[in-house]
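Please read the structure below before turning to the comments.
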Amino acid sequence: MRTLDSTTSLRIAVQKSGRLTDKTLTLLEGIGLKFDDYKRSLLVKCLNFDVELLLIRDDDIPEYVEDGVCDLGFVGANVVAEDEADVTIIRGLNYGVCRLSLAAPKEDKLKSAADFAGKRIATSYPGITKRYFDSKNINVDIVTLSGSVEIAPRLEIADAICDLVSTGGTLKANGLEEVINIFDSETQLVKTNKPLSPGKENLIERILQRIEGYQKAAKSKYILMNAPQEAVSKIKEILPSLKSPTVMPLADNGMVAIHAVVPLSTFWDVMEQLKAAGATGIVMLPIESMIA
Ligand code: ATP
Ligand code: ZN
């Protein structure tokens with residue numbers, strides 16, 4: 001049993017080398033954490049926070065966080081769910097987005113979960129797959145493989161597969177058809193349920209606030225434009241900004257500068273409407289972080 005300990009650094013588990021590695025490190029650097037060269041060591045000290053990164057295989061992350069070896073971890077929801085790890089999921093992070101899907105050779109034309117009854121299903125996710133079929137009272141024969149699941153039907157080791165899909169390209173290239181998505185996944189930030197020192201809790205709180213700001217910023221753009229004074233009320237209607245836009249008079253008579261934050265999802269629509277309303281010199285800037 002680990003005791004409350006304020007002498008050790010907050011330890012964060014990150015995938016050592018894989019699909020989540022670069023995006024996780026970019027996120028950590030984006031919220032202001034600086035690290036030494038993380039390519040060379042498994043345990044990397046943060047230069048400006050009492051934090052260290054443990055770089056390990058993604059499959060090991062839930063267990064390390066559950067055991068309290070690491071206090072936080074960045075890992076796919078698929079891995080957390082597969083392990084049924086006793087950790088707290090703090091938030092989803094909108095990257096590493098994929099789904100766990102049942103797929104079968106195209107020519108077999110499987111359509112529903114019931115069509116998989118009695119079939120051999122190859123997967124690296126036996127837990128999630130079994131729970132899915134158990135919940136539907138369908139019997140299947142699960143063949144656990146650690147990789148290259150998509151070739152199992154061609155090798156006649158299995159009739160169908162249950163594997164991670166993002167674009168579906170790998171399935172297609174192997175003559176397989178996606179039949180049912182059984183689990184939506186993205187990277188999650190998970191926290192240990194072991195007791196932590198107040199110092200570590202405080203550090204986690206600060207990191208979370210920064211991640212929230214970073215994520216909000218990634219979904220928004222800052223726009224600047226000039227417009228005739230009489231167009232301001234129309235422009236205010238168009239801008240779905242978080243707060244009301246900033247309007248400043250310009251030296252030119254009757255002209256103003258308008259600044260606002262715009263959600264990325266509506267950015268281009270808004271752009272066109274602003275132009276139509278009389279805005280000129282529209283400039284769009286990325287936002288690094290948005291606090292509060
Ligand atoms: P490790 O060596 O760390 O065990 P791995 O080969 O198991 O690596 P990766 O292929 O790097 O893992 O995938 C890591 C995570 O990326 C997956 O668990 C999943 O959450 C996510 N992911 C996103 N898209 C895909 C995809 N198309 N295929 C596989 N994983 C994906
Ligand atoms: Zn893995």
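Values quoted throughout were computed directly from the atomic coordinates according to the rules given, and no laboratory measurement underlies them. On a predicted model such as this, the values are computed, not experimentally measured, just so you know. Note that each Cβ is placed from the backbone with ideal geometry, even for glycine, and that neighbours are counted across all protein chains shown.
Summing Cβ point charges (Lys, Arg +1; Asp, Glu -1) relative to the Cα centre of the chain gives a dipole of roughly 560 debye. For Lys219, the aspartates and glutamates whose Cα falls under 14 Å of its own Cα, not counting residues fewer than eight places away in the same chain, are Glu288.
May I ask you to list the lysines whose Cα is less than 29 Å away from that of Lys109, ignoring any residue fewer than eight positions away on the same chain? The reachable lysines, counting only those whose Cα sits under 29 Å from Lys109, are Lys119, Lys130, Lys136, Lys172.
One-quarter of the Cα convex hull surface for region 220-286, in nm²? Numbers along the way, then the final one.
Details: hull surface 15.7 nm².
Its Cα hull, projected and averaged over all orientations, spans 3.9 nm².
Rounded to the nearest 500 deg cm²/dmol, what is the calculated helix-only ellipticity per residue at 222 nm for the chain, with -39500 (n - 2.57) per DSSP H run of length n ≥ 4?
Values: 8 runs with 76 residues, N = 292.
Per the formula, -7500 deg cm²/dmol.
Give, rounded to the nearest 20 debye, the magnitude of the charge dipole that region 98-185 has about its Cα centre when Lys and Arg contribute +1 at Cβ and Asp and Glu contribute -1 at Cβ.
Working: 11 positive and 12 negative charges, 24 e Å.
Dipole magnitude for region 98-185 comes out near 120 debye.
What lysines could a cross-link reach from Lys45, if we take a straight Cα to Cα line under 16 Å and drop same-chain neighbours fewer than 8 places away? Cross-link targets: Lys16, Lys34, Lys200.
Give a quick list of trypsin sites (Lys or Arg not before Pro) in region 107-212 that DSSP marks as loop, anything other than H, G, I, E or B, with at most 10 other Cβ atoms within 10 Å. Could you put the intermediate results ahead of the total?
Details: sites: Lys109, Lys111, Lys119, Arg120, Lys130, Arg131, Lys136, Arg154, Lys172, Lys191, Lys200, Arg206, Arg210; in loops: Lys109, Lys111, Lys119, Lys136, Arg154.
The qualifying sites are Lys109.
Determine the relative contact order of the chain: mean sequence separation of Cα pairs under 8 Å and six or more apart, normalised by residue count, in whole percent. Provide the component values of the computation, followed by the final result.
Working: 564 pairs, mean separation 56.6, N = 292.
Once normalised by length, the contact order is 19 percent.
With a cut-off of 13 Å between beta carbons, the residues surrounding Met225 carry a summed charge of +3, where Lys and Arg count +1 and Asp and Glu -1. Whole Å is fine, so just give me how far the alpha carbon centre of region 38-67 lies from that of region 234-280. Each part reduced to its Cα centre gives a spacing of 44 Å.
Between Arg40 and Glu230, the simple label model (points 7 Å from Cα in the Cβ direction) yields a spacing of 6.7 nm. Dipole orientation for the chain: of the candidates Asn193, Gly18, Ile207, Ile207 has the Cα lying most toward the positive pole (charges on Cβ; Lys, Arg +1; Asp, Glu -1). The Asn139 and Asp22 beta-carbon pair, evaluated with R₀ = 41 Å, returns a calculated FRET efficiency of approximately 0.50. Counted over the chain, the DSSP beta bridges are approximately 75% antiparallel. Note on region 9-120: Rg/Rh from C-alpha atoms, Kirkwood Rh, equals 1.12.
Taking the Cα centre of the chain as the origin and placing charges on Cβ (Lys, Arg +1; Asp, Glu -1), which of Leu285, Ile31, Val140 is farthest toward the positive end of the dipole? Toward the positive end, the furthest listed residue is Leu285. So which GluC sites (Glu not before Pro) in region 191-292 pass both tests, a DSSP loop state and at most 13 other Cβ atoms within 10 Å of the Cβ? Hits after loop and neighbour filter: Glu288.
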